[in-house]
Each structure stands twice: as C-alpha cells, then as structure tokens.
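**Q** What follows is a structure written as structure tokens; I'll ask about it next.
The values are calculated or read from the model by the stated rules, or taken from the named source; none is laboratory data. The structure presented is a predicted model; accordingly, all values stated were derived computationally and were not measured. All Cβ positions, even for glycine, are placed from backbone atoms using ideal geometry, and neighbour counts span all protein chains on display.
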Amino acid sequence: MADILKNRQLQLVVLVLSFLLVFVPYFIDIPQLDAASSELVVITSIVTAFTVALAVVSQYQRGMHYIVKRSKGWPFKAYMLISIALMLVFALFGRDSGPYEWVMLSIINPLSSVNYSILAFYMSSTAARAFRARNTKALLLLLVGFIVILYQAPLTGAMFPGINPIGVYFGATFVTAVGSMFLISVTVGAIVFGVRVLLGKEPSVLGSGGRE
Amino acid sequence: MVQEAESKMAKSNGGILKWMAEYDRRYVYLVLFLVVIIPLLRPIGMAVSVSPDTQQYYNVLNTVKPGDKVFFTLNTEYSGFNELHSGIVASLRVLVEHQAKICFAVGHVEATIIPDLIIKEVKSEMDANGYQYGRDYVILGYVMPNEPAVAGMAMDFHAIVTQDSLGRSIQGTFLDDVHTWQDWDFISDFSTGLSTTYLQNHFALRGTTMIVNCIGVSVPSEKPYLNSGLIKGLLQSMKGGAELEYLIGHPGVGLTSMDAFTFGHYMLIVFIIIGNIGYLGYVRKTQTEARGG
Amino acid sequence: MVAFLDISVVAVGAFLAMCMFSTLYGKSNPLYALAEESYIGFATGLTIVWNVLYIWQTGIVNMMNGDWVLILSVILGIMILFRIHPKYGYVARLPIALVVGAQLGLSLRTIIFTGFIQQISSVIAPLFTGSAQTLLYNWTIAICVIFMLTFFFYTVEMEGALGMSARFGEYLLYMAFGASFAMTFMGRLSMFVGFMQSYTIPDWKTPYLLGSMILVLALIVWMDKTGLREKLTPEE
C-alpha cells in the first residue's frame, strides 16, 4: 500500500486525469463528463477546506514550543491557544448572538481593522522619507503620484476642476496599462508553470523531494 | 565619499533643513492621527465631484430590474469593510429600491457578520419594499473558501450550497430557481481581492453581468478587467462609495468621512514637500560639498 | 440609554485596537503582544469554525441527501492531513495530486481568456474607433503596455531599438507606479478613516476611543521608563 501511495508516476497520472476531467468538459459538451467534472470540483473544494487544519496544527506546534521551553513571554502563547479553544466553544452557543458575536465585534473586527489600516502610517512615513527627486525617474514618479493624490482628495476637484481630467487620465491609462502588463505576464507564467506541472517537471508542487 | 558626506551631515548643525530631511517618523504618525480624528469629531462637509468610473458603476447598477436575482458577494476582511462600507450600503439601497432578489454570500470568515450589519442599515427601505427572508433575500454564510467552491457554484449551485448561515435549508427560498451561472442576473462584488478573480473567471466570463467595489490597493489589478469589459463597473474605495452616496441622494458614512480623507491626502503631500526641501536643501548640498563641488 | 453590552464591545475593542497601534511607538511592547495573540487566537478559532461548517454543509449534508460519492472528499481530506506526519507524509501525495490537477484545470481554462486573450484584444483592438478622448486613452494604454512589456524581456540583449524601447518603458513604469502608489495610499488611508469613524459615530463612543488612546500611551511610556517594557515583552 505504501509503495502505491509513494509512486510518483501514479501521482502524475492522477494529476493529469483530474486536470483533464475539469478542463475538457468546459470546451466539449458531454453530459456524463459534465456531471463527473462537477462532482470532482465539489470534492476538491471540500478537500481544500480540510487543509486549514494544517495551518492550525502548525500554529499549535509553534505555541506549544514556546510554552514547553518556558521562553520569555510564554503566557501570551498559552493565551493564544486558549483563545482558539474558547472560540470553538463559543460557536457552539450560536453564531448570531452571545459570546461568539461579542468576540467578533469587540476583538476580531477591531484588530482586523487595525491590522491593515496601520499600513497607512507606514506608507505615509515611507513616502515622506523615500519620495525624493533624486533623478529623472524618481521625479516622474513623484510628479504623477502628486497629481493623483491631489485628484483623489475630493476638495481639490471641487476647487480646481481642471485637475479632474488629468487625474482621471493617469488612472484610466497608466494604471490600467501597468495592470494589464502584469496580468499578461503573470498569465503567461502561470500557463507555462501549469504545463510544466502536467509534464511532471515540477516535483516540488506534489510535495516530492521530502523526507519520505 | 558617501561616508564622508554622512559623517559631515552627522556633525553639522544643518538647522531647519537638516530637520526637514531627517525628522522622526513618529511626527508623521501623530499628525496622521490628528488630521483624521479632528475632522471626524468636527465635520466640515466638503463638496465631492463624481468620477466617470463611479457614474458608470451607478448606470450599470440601475439596469437591475424587479425580480432579478443578484449575487451580493462580500469577499473582504473586516478591515476592507471599513473602506467599502459606504459602497456596500449605497449599492444595497439601490438594489432594494429596484426590488431585486438578493443572495448575500461571504468569501472570508471575518465577513460573516457583515450581512447582518448592513441589513440593519437598510431595514427601513427593505420593510418599505416588503422584503421577506427566503422569498426576497437569503444570507448564506462562508460559501466561497476557494476557487473550486466558486466554480462548483457556477456549475451546480445546490451541490455547494445546501444551508444558509444559520444552518437552515435553502429549499423553499428563491434559490430553488438557481442552478447554474445562467440563473443569476447580476453579481455585485465587494472585494479586497479574494474570490473576485474566481467570480470573474467562472461567472462573468460566461456572461453574467458583474460589478466590483474594491479597495484602493486592488484598483490597479481590477482596472484591466474593466477595460476588457469582463466587469461592467468598478467602484473605487471609500471615495467611490462617497460619490455613489451623493449620486443616490442618501448621504452616509462615505460622505461624512471625506473631510478626514481629504486632510489625510493633503498631509501626505505636505510631508513629501518637506522631505524634498530637506533633501534638496541639505542632503544634496552636503553631498555636493563633500565632492568638492 | 446605551446597553452595557454595546459599551463593553466598544471599550474592549478600542483598548485592543490602541494596543495594536502601540507598535507605532517604535519599540516592541507587551500590549502589542496581547493584541497580536488575541487576534491570532480568536481568528484561527473563527477559521476552524467556518471551515468545519463548510465541510458539514457541502459534504456531510449532501451525503445524507444521497450523494454518496462525496465520501471520497472526507477520505481524501483526512489523507491530506498526513502531510505533517514525519513518517506517513506520503499518504497526502495522492489527494494533493488530485487537488492540484483539478485546481490547474479550473484556472487554466479561464485565465487563458481573462488574463491573456481579452487583455491583448482590449489593448490592440479599439485603436481606431471612438471619440478623441477615447482614442487618446486607448493609444496611451497600447503604447504603455507595449513599451512596459519590452522592459521585462530578459532573454535577449537590450540594444538598439529594443534597448531604447526598454528604457522608455522604464520611465512609463515609474509614472504608473506613482499613480498606483497614490491609489494604494488611498486604500490604506480609507481603512484607517473607516476604522476611526466606527469609533466616533455615534458620539457616545468617542470618549472610549480617546480614553483608550491616552491610557495605552501612558502605559507604554510608563513601562518604558520603569524597564517593565523590556521585562514583559515576549521574545520574537
């Protein structure tokens, strides 16, 4: 059994077959294949949901490592592990009210809000210190950024309507162009990588090259 | 030469120009706090002008007809909700006024609480239009954890979704008539960049009309899809939400935040100017002197 | 009259949020660690809850309704958990192969169109139709995309016309990055403004926000001056 599960060729065959079962029915209409493809997609979505357990175990192991070694600040890790358990218990009492809702509103929501909004501070200080007109390219970056920042402030557009068409122009052209450019490049890369995986030239994707 | 310039800078008393080039970044943090909190406590009420993208978004939103089935997807963490709040509520108001049938679905675990929060804000409009849970709107929970889930919903909706967010069966709701992507008339997506790409690939690409309200960070990556016509409208960040509130004539959190939003932008400009004056007046001068020029 | 529950939500939320903002003080501190571990712990629990619910609703409920093929999803899901086992990690390989193959099929069948064909046709096709403004926009986009792409050619020598094109593309890229930065800043600032707004509207919340700010700042400064900050801050 172990030999079957470790067989690299079998892995590759399973990979290619599952790829074909999802890819082909999209272009060729065969009802039986459609049904099988749909079933496989549902199975894949459920199996992917199981993988969150891997992240949880990793979190648990990291926390226990600190607690067992009594590293500096180990009570914080113990608190973290207890809070995971508490959240699971609270969910049993109902998800639309009670302690679960209280934790969502008073702990998770504010902390999630701060998690990303704190970047506004870092961006401000970085921009203030790094946006210097050192050379022509930096000057161009600075000027265009300046104009778009001014345009984004609603009061500027209301007081100086002339800036609106310029701000809209930069947003509708340069930003779109760079987005398109990266999208095309990334897509080509993804297609090439996908073909390499199907040909078995990317063993790391299947977890090969490990301890087993 | 660089080291010589640096040591010269460290020893010299460059005065105000030196401070402008090398001030403590905590001043920036403090000023940002102040320019945001003061206008929120003492609002001024600034004018807004509507951008072409917001006008386009609003025009597409207005094409929804009574009875249209709308997939209202919240693919955002709670931090994104703070930014998209105005756009979400304003869009929902328009959909309710058009008497669309709305299915709320969530693509991030932190967003599971958002449908209840926004429904509270439009409760009066929903009551005025006779909205009934199950017949006119359904709240699904976290049903878009990954791409296969979204693709599965496009291929066979009831294979992926069997219950609503409180564990009640969706049988007997308007979702009985939804089987594949073809049965949706409209998708209104609110995103920090999570499942939006999946919705675009598996619904919009096949022909379902889709509009997106995304955070500022995601605008460069969503613009190409707007340009190619895959999505029909793009509302950008809190500013877009404020403009939409202005267009529908229902001021909300977006418009009230524009004062702080404006001053935050002006603050950044001032600090960039200060930094450049310091750079040109002190750092460059010191480097030039060190070179003997 | 505001309910005690609402007050507790705002008071605790404001305090923890300010604890997280305390990292801006410039030195690591135990209040930031408290906020960080609170978020990691409760958010991880939340993720487990909703993923278990998803597996229940999509897998188990459908199985009970007669779709017995889905028993495979539970078996494969359990097999994939062996990934972290030091000895039996190979058990996860087949489910990983299945998932990777299916995901590859799902993404490749669509990104060919959305990320490549449609992008190229939207850049090249509309260059000769439309109003003067539309033509200006479309030509700018086309020129920018072509020249920016040449900057990223790494397989040929950048000389002659190609070299000039790449240099021009680089200048266009810098201009685009300036505009993109402005939009990114708008996004992050909006998140911060939205957060502060949620703690200043309605007015009764403001004292809790301001009180938390002052309390956390005072605590940080006091801990720093007395040496408690160093003592209580956990190691990274």
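**Q** If we keep just the residues of region A:120-179 that are within 16 Å of residue C:174 (Cβ to Cβ) and not in a helix (DSSP H, G or I), which is farthest from the other protein chains (Cβ to nearest Cβ)?
**A** A:135
**Q** In region B:166-182, what residues are in contact (Cβ under 8 Å) with a residue 12 or more places away in the chain, touching a strand residue (DSSP E or B) at 6+ places or on another chain (Cβ under 9 Å) and not in a loop (DSSP other than H, G, I, E, B)?
**A** B:174, B:175, B:177
**Q** Please specify each residue of region A:65-106 satisfying the condition of being among the small types (Gly, Ala, Ser) and modelled with pLDDT under 90.
**A** Within region A:65-106, A:71, A:73, A:94, A:97, A:98 qualify.
**Q** Right, here's the next one. I'm trying to understand the selection: among the residues of region A:65-98, which are aliphatic (A, V, I, L, M) and facing chain C (nearest Cβ under 8 Å)?
**A** Answer for region A:65-98, where residues must be aliphatic (A, V, I, L, M) and facing chain C (nearest Cβ under 8 Å): A:80, A:81, A:82, A:84, A:85, A:86, A:87, A:88, A:91.
**Q** Given (1) more than 7 Å from every other protein chain (Cβ to nearest Cβ); (2) at pLDDT below 90, identify the lone condition not met by residue A:52.
**A** Of the numbered conditions (1) more than 7 Å from every other protein chain (Cβ to nearest Cβ); (2) at pLDDT below 90, the odd one out for residue A:52 is (1).
**Q** How many residues does region B:32-49 hold that are crowded, with 17+ Cβ neighbours inside 10 Å and at pLDDT 90 or above?
**A** 6
**Q** Grab the helices (runs of 4 or more DSSP H) fully contained in region C:1-106, keeping just those with 2 or more residues being farther than 22 Å from residue B:161 by Cα and either modelled with pLDDT under 95 or of a type in the set (S, T, N, Q) (or both).
**A** Fully inside region C:1-106 and qualifying: C:4-21, C:30-55, C:71-80.
**Q** Taking the conditions exactly as written (facing chain C (nearest Cβ under 7 Å) and either under 21 Å from the mean Cα position of the chain (by Cα) or outside any helix (DSSP H, G or I) (or both)), does residue A:111 satisfy them or not?
**A** Spelling it out, residue A:111 is indeed facing chain C (nearest Cβ under 7 Å) and either under 21 Å from the mean Cα position of the chain (by Cα) or outside any helix (DSSP H, G or I) (or both).
**Q** Would you call residue A:133 of a type outside the set (Lys, Arg), more than 25 Å from residue B:224 (Cβ to Cβ) and without any contact (Cβ under 8 Å) to a residue 40 or more places away in the chain?
**A** So residue A:133 fits the description; yes.
**Q** Quick check, is residue C:118 over 22 Å from residue A:20 (Cβ atoms), without any contact (Cβ under 8 Å) to a residue 40 or more places away in the chain and not assigned by TED's automatic domain parsing to the domain that holds residue C:54?
**A** yes
**Q** Among the residues of region C:58-76, is there at least one that is more than 17 Å from residue A:44 (Cα to Cα) and within 7 Å of another protein chain (Cβ to nearest Cβ)?
**A** Taking every residue of region C:58-76 in turn, none turns out to be more than 17 Å from residue A:44 (Cα to Cα) and within 7 Å of another protein chain (Cβ to nearest Cβ).
**Q** Please count how many residues of region B:80-110 are under 14 Å from the mean Cα position of the chain (by Cα), touching a residue at least 12 places away in the same chain (Cβ under 8 Å) and facing another protein chain (nearest Cβ under 10 Å).
**A** So the count comes out to 6.
**Q** Now a separate question. Where in region B:113-165 are there helices (runs of 4 or more DSSP H), lying wholly inside it, with at least 1 residues that are away from every other protein chain (no Cβ under 11 Å)?
**A** Those helices (runs of 4 or more DSSP H) span B:114-121, B:123-128.
**Q** In addition: Take the residues of region B:54-80 that are part of a helix (DSSP H, G or I) and at pLDDT 95 or above: which is nearest to residue B:141 (Cα to Cα)?
**A** It comes out as B:61.
**Q** Let me ask something else. Using the structure shown, decide if residue B:235 is outside the structural domain of residue B:29 (by TED's automatic domain parsing) and closer than 26 Å to residue A:181 by Cβ.
**A** Yes.
**Q** OK, next. Please give the helices (runs of 4 or more DSSP H) falling wholly within region A:33-105 in which 1 or more residues are surrounded by fewer than 19 Cβ atoms within 10 Å (Cβ to Cβ) and on the phi > 0 side of the Ramachandran plot.
**A** Where helices (runs of 4 or more DSSP H) fall fully within region A:33-105 and carry at least 1 residues being surrounded by fewer than 19 Cβ atoms within 10 Å (Cβ to Cβ) and on the phi > 0 side of the Ramachandran plot, they are A:98-103.
**Q** Here is a follow-up. Find all pairs meeting these conditions: Cβ atoms under 7 angstrom apart; at least six residues apart or on different chains; first residue within region C:19-38 and more than 7 Å from chain A (Cβ to nearest Cβ); second residue of a type outside the set (Ser, Thr, Tyr) and not in a helix (DSSP H, G or I).
**A** Every condition considered, the pairs that remain are C:22/C:29.
**Q** So which of C:213, C:191, C:223 is touching an Asp or Glu at 6+ places or on another chain (Cβ under 9 Å) and within 17 Å of residue B:32 (Cα to Cα)?
**A** C:191
**Q** For region C:199-227, name all the residues that are part of a helix (DSSP H, G or I) and over 16 Å from residue C:19 (Cα atoms).
**A** Those that are part of a helix (DSSP H, G or I) and over 16 Å from residue C:19 (Cα atoms): C:203, C:204, C:205, C:206, C:207, C:225, C:226.
**Q** Out of everything in region A:2-16 that is polar (S, T, N, Q) and surrounded by 13 or more Cβ atoms within 10 Å (Cβ to Cβ), what residue ends up being nearest to residue A:40 (Cα to Cα)?
**A** Looking at residues that are polar (S, T, N, Q) and surrounded by 13 or more Cβ atoms within 10 Å (Cβ to Cβ), I get A:11.
**Q** Continuing with this model, one more query. Would you mind finding the one in C:89, C:13, C:45 that is closer than 25 Å to residue B:106 by Cα, without any contact (Cβ under 8 Å) to a residue 40 or more places away in the chain and within 7 Å of chain A (Cβ to nearest Cβ)?
**A** Answer to the check: C:45.
**Q** For region C:180-210, how many residues are among the hydrophobic types (A, V, I, L, M, F, W, C), buried (at least 21 other Cβ atoms within 10 Å of the Cβ), at the interface with chain B (Cβ under 8 Å from one of its Cβ atoms) and without any contact (Cβ under 8 Å) to a residue 60 or more places away in the chain?
**A** Counting residues in region C:180-210 that are among the hydrophobic types (A, V, I, L, M, F, W, C), buried (at least 21 other Cβ atoms within 10 Å of the Cβ), at the interface with chain B (Cβ under 8 Å from one of its Cβ atoms) and without any contact (Cβ under 8 Å) to a residue 60 or more places away in the chain gives 8.
**Q** Restricting to region A:6-29, what's the tally of residues that are farther than 12 Å from residue C:109 by Cβ, of a type outside the set (A, V, I, L, M) and at the interface with chain C (Cβ under 7 Å from one of its Cβ atoms)?
**A** Going through region A:6-29 one residue at a time, the tally reaches 3.
**Q** Yes or no: region A:193-204 includes at least one residue that is surrounded by fewer than 17 Cβ atoms within 10 Å (Cβ to Cβ), more than 11 Å from chain C (Cβ to nearest Cβ) and not in a helix (DSSP H, G or I).
**A** Yes, region A:193-204 contains a residue that is surrounded by fewer than 17 Cβ atoms within 10 Å (Cβ to Cβ), more than 11 Å from chain C (Cβ to nearest Cβ) and not in a helix (DSSP H, G or I).
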